[in-house]
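J.: For reference, the structure I am asking about is given below.
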Amino acid sequence: MKFTFLWLKDHLDTTASVDEIVQKLTAIGLEVETVEDKAKALKDFKIAHVVSAEKHPNADRLRLCMVDVGESAPIQVVCGAPNARAGMKTVFAAPGTYIPGKDFTIDVGTIRGVESRGMLCSADELNIGGENDGILDLPQDAPVGTNYAEWAGLDDSVIEIALTPNRPDCTGVRGIARDLAATEIGDLKPAEAKPVKGSFANSFALKIELDHQPHWCPAFALRLLKNVKNGASPVWMQKRLQAIGLRPINALVDLTNYFTFDIARPLHVFDADKVKGALVVRAAKKDETFEALDGKTYTLDESMCVIADDSGVISLAGIMGGKATGCDENTKNVLIECALWDPLNIAQTGRKLGVSSDARYRFERGVDPQGVANGIECASSLAIEMCGGDISDITWHKNIADDNRIIIFSSSEVKRLTGADLLHQEIKIILERLGFWLSGDHAEWRVAPPSWRPDIYGKADLVEEVIRIAGLDRVMSTRLPAADSVNAPVLTLPQKRKTAAQRVLAARGLCEAVTWSFISEPQAKMFGGGQDELKVANPISVEMAVMRPSLLPGLIMAARQNEDRGVSHAALFEVGQVFKGLEPKDQFVLASGLRGQADRHWSRKETHADVFDAKADCVAVLSALGAPDNIPVTRDAPSWFHPGRSGTFRLGPNVIAHFGELHPAIVEHHKLSSGAAAFEIFIDALPVPKTKPTRTKPKLALSVLQPLRRDFAFTLDEHVEAAEVLKAARGADKALITDVTVFDVYQGAGIPSGKKSLAIEVTLQPQDKTLTEPEIDAVAQKIIAAVTKATGASLRS
């Protein structure tokens, strides 16, 4: 909400400075965002007289001007403006002046070989808006040498405040002044409009055809003004509208914009000669079209309220008028409309059509329902004053519900809820200055909120009003009582684990996704779900008919949508709930991820994520969540994973995680351009970590001795898993063997059919002394014997 300081003083009788007003506004909850002082920004610009304007000797489009700025001798300025001419009055900037509209500082320069000692300025260069076809062309009575900002009346500070949605009264300067007056920084001036008596009956009929939605238009006032002269609005009005960023159009249109910001009362004017028949307030018809004042054509539906005539829709009620009946300089007869519209309907219509306007901003927050009469009278009075003419009687429609809000309130509530100790007389004065009606004793006041405050319903609301005006500095700080013990942890173990999983996966380059908890039934069945008890009774669509049994369907759909938009390398993860049944035990928290094609880069071949990428992600998360090391891996991953390129982490009978490449049928069904690797971690299935003693001994003392490595190649049946070999080798000598890894698998020439060669590397870490060759050979024999016994393998010669 923008307004100027002098505009505020039209409603508030105060001697306070701009700075004092700004501080008080923020203190009472109307937070000031910016204060623009154009006089300060334009303090170095002077009114000048162009004595002569000759053609530049070296350029056809430049002029060599001699400019009088009230000093001893004229100043030479090179100007390229098409309207620069001798005898005109304009604005001059001397060298060293900052040009706000162009963000640079002017200096003495040489242009095409001729020195220029300043600049003649346009409105755009001064950042004041308006026409920009050349330099400013001022009236001949403009005093040469004086400050332009003072002469032009730009010394009026523009204040912008941030409004919360519950303060529709402060979308007008009047409401802001009322709040300030309650703080006693000034007195609120009377502003009720005097009734303007009509001299004839309104010839335009008004019809309200809202039988099924009467609440859409509780009030409508209409009157006709004949024989007007619709020229430019007064200079004072134009300056105020320009100061808040509005472009003056003509007197009648400017009048409606002015009252929208002055008293928070949106109005509309129709050119009466362009209106065909009666004005009808009704619901729009399906696919009915409407060309608005913004030049756009909108397609309407039955949920929207409109004003129409015999030709069709001429106004989108409470939002924007139509181009067909707009007022211009040729308007002779005008219909002035002041109405009350349903906030919810206005908001829904505006969102559906994507239309924003100052009227919508106010109506969807709630315009004062009792302000319709004042609005039509204010508009009538000022319209006659600016444009002349004869005015009709008011045609009324009224169906405003009675406001029966009465709050039983005790002055002690202020102390109870805020701790501030205020006298009941002070509380009463504050509420009355804000427009509240009070009766009874302070121990049990009956308080009626004013019509312009639709947000006041209870005692706490009244306390808030009192304390923001009295000052939050009167709320004394109170030390909280010291706790007798250390506070218990706020987050539970599952919450900590969820956050840890999110951090690890994000650090590994995956982007977090949030997908729907509902998926289609065919999708659910692909991932082990789709049971009848998990079907939604009233689904939004068939695509969201079943509770998800896995996070992967949502991630796969997100990956496909990324592919459709040209992003084939998206890596996604999600941490959320899945559902296997109706009982609480059938709901799990999963951390799932999906990787597809890797980023293209010149340094490597184009690659796709595989089972080992998924396993690496899995291991990183499990490690961060405190899972035991070396969790056994089995080959019984679910059916949606590739049968030969997947695995399951298990702790005994408990499944901890699945990982692997997606089954080709899943990839094909979801139309992924390439394969994908995924994982699912059952966070709830991880065991609770054991309580550790205060002092713990290191599990393995660091050795100063050099580790040594030995390689072994075994020939064994091709169906034997490498995990069995690794387990057997590790158990051969747990004191010395610290690591065992596979580095080669081979089948082919030299290896019998049905067999394979598996090569492992064993790391030995001596602790007390360097191992001798016989000791190393003894460990090697243990390893060979252990692997042979466990798998039937033989050492490859």
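The values are calculated or read from the model by the stated rules, or taken from the named source; none is laboratory data. Note that this is a predicted model, so its numbers are computed, not measured. Positions of Cβ are generated from backbone atoms using ideal geometry, with glycine treated the same way; all protein chains shown enter the neighbour counts. Keep in mind that these areas ignore ligands, DNA and RNA; they rest on the heavy atoms of the full protein, side chains included. Shrake-Rupley method; radii C 1.70, N 1.55, O 1.52, S 1.80 Å.
J.: Name every residue in the stretch 543-564 that is open to solvent by 10 Å² or more (accessible area, probe 1.4 Å) and either farther than 18 Å from GLY530 by Cα or not charged (D, E, K, R) (or both), in order of residue number.
T.: Answer for the stretch 543-564, where residues must be open to solvent by 10 Å² or more (accessible area, probe 1.4 Å) and either farther than 18 Å from GLY530 by Cα or not charged (D, E, K, R) (or both): MET544, ALA545, MET547, GLY554, MET557, ALA558, ALA559, ARG560, GLN561, ASN562, GLU563, ASP564.
J.: While we're looking at this one, here's another question. Step by step: first the residues of the stretch 589-624, then only those that are at pLDDT 90 or above and farther than 26 Å from ARG548 by Cα, then the one that is least open to solvent (accessible area, probe 1.4 Å). Which residue is that?
T.: ALA624
J.: Let me ask another. Please go through the stretch 724-762 and pick out each residue that is over 19 Å from ALA785 (Cβ atoms) and under 56 Å from the mean Cα position of the chain (by Cα).
T.: THR738, ASP739, THR741, VAL742, PHE743, ASP744, VAL745
J.: Give CYS327, CYS338 a once-over and let me know the one that is at negative phi, part of a loop (DSSP other than H, G, I, E, B) and buried (at least 21 other Cβ atoms within 10 Å of the Cβ).
T.: Values: CYS338 fails: part of a loop (DSSP other than H, G, I, E, B).
The unique qualifying residue is CYS327.
J.: Right, something else. Give the residue, chosen from ALA221, ALA272, that is under 21 Å from ASP368 (Cα atoms), crowded, with 18+ Cβ neighbours inside 10 Å, in contact (Cβ under 8 Å) with a residue 24 or more places away in the chain and small (Gly, Ala, Ser).
T.: Working: ALA272 fails: under 21 Å from ASP368 (Cα atoms).
Result: ALA221 is the single residue among ALA221, ALA272 that is under 21 Å from ASP368 (Cα atoms), crowded, with 18+ Cβ neighbours inside 10 Å, in contact (Cβ under 8 Å) with a residue 24 or more places away in the chain and small (Gly, Ala, Ser).
J.: Looking at this structure, is ILE176 assigned to a loop (DSSP other than H, G, I, E, B) and either modelled with pLDDT of 95 or more or open to solvent by 10 Å² or more (accessible area, probe 1.4 Å) (or both)?
T.: Numbers: assigned to a loop (DSSP other than H, G, I, E, B): no; either modelled with pLDDT of 95 or more or open to solvent by 10 Å² or more (accessible area, probe 1.4 Å) (or both): yes.
For ILE176, the condition - assigned to a loop (DSSP other than H, G, I, E, B) and either modelled with pLDDT of 95 or more or open to solvent by 10 Å² or more (accessible area, probe 1.4 Å) (or both) - is not met.
J.: Still on this model: Any idea which of VAL91, VAL78 is of a type in the set (A, V, I, L, M, F, W, C) and under 17 Å from ASP44 (Cβ atoms)? Steps first, answer last, please.
T.: Numbers: VAL78 fails: under 17 Å from ASP44 (Cβ atoms).
Exactly one residue qualifies, and that residue is VAL91.
J.: Take ILE429 and decide whether it is in a loop (DSSP other than H, G, I, E, B) and surrounded by 12 or more Cβ atoms within 10 Å (Cβ to Cβ).
T.: Working: in a loop (DSSP other than H, G, I, E, B): no; surrounded by 12 or more Cβ atoms within 10 Å (Cβ to Cβ): yes.
So ILE429 does not fit the description; no.
J.: If you don't mind, another one. Could you list, in sequence order, the residues of the stretch 451-470 that are in contact (Cβ under 8 Å) with a residue 60 or more places away in the chain and open to solvent by 10 Å² or more (accessible area, probe 1.4 Å)?
T.: In the first step, residues of the stretch 451-470 are kept if they are in contact (Cβ under 8 Å) with a residue 60 or more places away in the chain; the result is 451-455, 468-469.
Listed by number, the residues that qualify are SER451, TRP452, PRO454, ASP455, ARG468, ILE469.
J.: Step by step: first the residues of the stretch 565-580, then only those that are closer than 20 Å to ALA507 by Cα and at pLDDT 90 or above, then the one that is surrounded by the most Cβ atoms within 10 Å (Cβ to Cβ). Which residue is that?
T.: Among them, the one singled out is PHE573.
J.: List pairs: first residue in the stretch 293-315 and touching a residue at least 24 places away in the same chain (Cβ under 8 Å) and farther than 20 Å from THR256 by Cα, second residue in a loop (DSSP other than H, G, I, E, B) and among the β-branched types (Val, Ile, Thr) anywhere in the structure, Cβ distance under 6 angstrom, at least six positions apart or on different chains.
T.: ASP309/VAL275
J.: So, one more: Read through the list (1) over 30 Å from LYS274 (Cβ atoms); (2) buried (at least 17 other Cβ atoms within 10 Å of the Cβ), then give the number of the only condition that ARG240 fails.
T.: Result: ARG240 passes all but (1).
J.: Return the only residue of ALA84, ALA59, ALA73 being free of Cβ contacts under 8 Å to residues at least 12 places away in the same chain, among the small types (Gly, Ala, Ser), farther than 26 Å from LEU246 by Cβ and assigned to a loop (DSSP other than H, G, I, E, B).
T.: Numbers: ALA84 fails: free of Cβ contacts under 8 Å to residues at least 12 places away in the same chain; ALA59 fails: free of Cβ contacts under 8 Å to residues at least 12 places away in the same chain.
Only one candidate passes the filter, namely ALA73.
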